[in-house]
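Visitor: There's a structure below that I have some questions on.
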């Protein structure tokens, strides 16, 4: 995305070749970004966001008596609370990447089916494998004795079926693992995005009738009402949290960022969107931090694209590695951390010292990275390759 969005989608499918130089005023930033270079800046942001969420969960789920929490500085404590907003970063990135992915797509019933199938192939295997790991961790905890389960409540067929089909929140089931609710929201967004793109494409005049790109008016007419309804109304309602409409504003920010960079939207439209968001922040007492993070993510991607730096900023090997395995890390870290921390706490009779707790939590982080690398190598990467083969075959 996002954490669960497709890293491979941020690279052009064109073969590497030399392009003739063009005058700066005749080439858009999007044209430059669509070379064979990856959007490494976006991948870097994805890696930072995923690591932030993992650190938050490790800190948040530290068992009592909370020796590490009691020993750290209040600034560190406040930072770990705030980095959970990495979710907002991933939602904006998801909107950006899907808008990029759809840029040359003619929406037909067949394409909607293939689009959805490719995303299921990319996301489901690692997601289902993680659910299996959570159940396995629970069995290990039960067999080992008095160890806390990684989830609350009983494991029923209805609960497992709801999780396997991304319906657990909609059907009112407690989550089996931390963070997986966003995967369900992502799947809903994919449907909204491709259908919305199709409506903008087929029900409004296009600038170039032979090309799939909708007009700026069509994109705003279809997606802006959803985005602003989410910003000013839906996100205020607790009843909308299982549905994509609660988070559409974040996705819309990311989509508008790409559309502006590839000149589907005039820059003044993006400026108006940002301006409305800033005005809303001035009166937002509850969600101002999450919305600020989402807005800063959009603006940072826009600035990087405007300076033709999407392919080079944040291009550090360790950060690109995190971006590459971010989806696997996001999924697998919770069962790994739960098993490691729960077992280690018992070794110290549930009373580890501050130094011992620090060592345990750092070990949980390290083993989460190892598990994420394995999950990416043996499950996620083959899924990505299969989805890419399906896309080439369909084309």
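Visitor: Name the pairs whose Cβ atoms lie under 8 Å apart, with the first residue in region 267-284 and outside any helix (DSSP H, G or I), the second surrounded by 12 or more Cβ atoms within 10 Å (Cβ to Cβ), and 6 or more positions between them or separate chains?
Guide: 284/291
Visitor: Ok, one more. With the structure loaded, tell me whether residue 257 is under 30 Å from residue 133 (Cβ atoms) and modelled with pLDDT of 95 or more or whether it fails that test.
Guide: No, not satisfied.
Visitor: Could you go through region 376-390 and let me know if any residue there is closer than 18 Å to residue 59 by Cβ and surrounded by fewer than 19 Cβ atoms within 10 Å (Cβ to Cβ).
Guide: No - not one qualifying residue is present in region 376-390.
Visitor: Also, quick follow-up: Would it be correct to say that residue 245 is at pLDDT 95 or above and over 18 Å from residue 193 (Cβ atoms)?
Guide: no
Visitor: Of all residues in region 195-225 being over 27 Å from the mean Cα position of the chain (by Cα) and in a helix (DSSP H, G or I), which is modelled with the highest pLDDT?
Guide: Per the stated criteria, the residue is 217.
Visitor: What do you reckon, is residue 318 closer than 25 Å to residue 254 by Cβ, buried (at least 17 other Cβ atoms within 10 Å of the Cβ) and within 20 Å of the chain's Cα centre (by Cα)?
Guide: So residue 318 does not fit the description; no.
Visitor: Among all residue pairs at least 6 apart or on different chains, which show Cβ distances below 8 Å where the first residue, located in region 289-313, is at positive phi and the second is surrounded by fewer than 20 Cβ atoms within 10 Å (Cβ to Cβ)?
Guide: That search, which allows pairs on different chains as well, returns 308/29; 308/32.
Visitor: Next question, about the same structure. Would you please name the residue that is nearest to the chain's Cα centre (by Cα), looking only at residues in region 236-246 that are part of a helix (DSSP H, G or I) and more than 19 Å from residue 256 (Cα to Cα)?
Guide: Selected residue: 240.
Visitor: Using the structure shown, decide if residue 79 is closer than 21 Å to residue 290 by Cβ, out of contact with any strand residue (DSSP E or B) (no Cβ under 9 Å at 6 or more places or on another chain), surrounded by 14 or more Cβ atoms within 10 Å (Cβ to Cβ) and at pLDDT below 95.
Guide: For residue 79, the condition - closer than 21 Å to residue 290 by Cβ, out of contact with any strand residue (DSSP E or B) (no Cβ under 9 Å at 6 or more places or on another chain), surrounded by 14 or more Cβ atoms within 10 Å (Cβ to Cβ) and at pLDDT below 95 - is met.
Visitor: It is to be established whether one or more residues within region 291-303 are crowded, with 18+ Cβ neighbours inside 10 Å and modelled with pLDDT under 95.
Guide: yes
Visitor: Moving to a separate point now. Which of the helices (runs of 4 or more DSSP H) found entirely inside region 288-395 contain at least 2 residues meeting this: more than 30 Å from residue 151 (Cα to Cα)?
Guide: The qualifying helices (runs of 4 or more DSSP H) are 288-306, 317-324, 381-394.
Visitor: Oh, and also: Give the residue that is nearest to the chain's Cα centre (by Cα), with candidates limited to residues of region 104-122 that are part of a helix (DSSP H, G or I) and closer than 20 Å to residue 248 by Cβ.
Guide: 119
Visitor: Now for a different question. Confirm whether residue 237 is in contact with a helix residue (DSSP H, G or I) (Cβ under 9 Å, 6 or more places away or on another chain) and modelled with pLDDT of 95 or more.
Guide: no
The values are calculated or read from the model by the stated rules, or taken from the named source; none is laboratory data. Keep in mind that what you see is a predicted model, and the values were worked out from it rather than measured. Ideal geometry is used to build each Cβ from the backbone, glycine not excepted, and the neighbour counts take in all protein chains shown.
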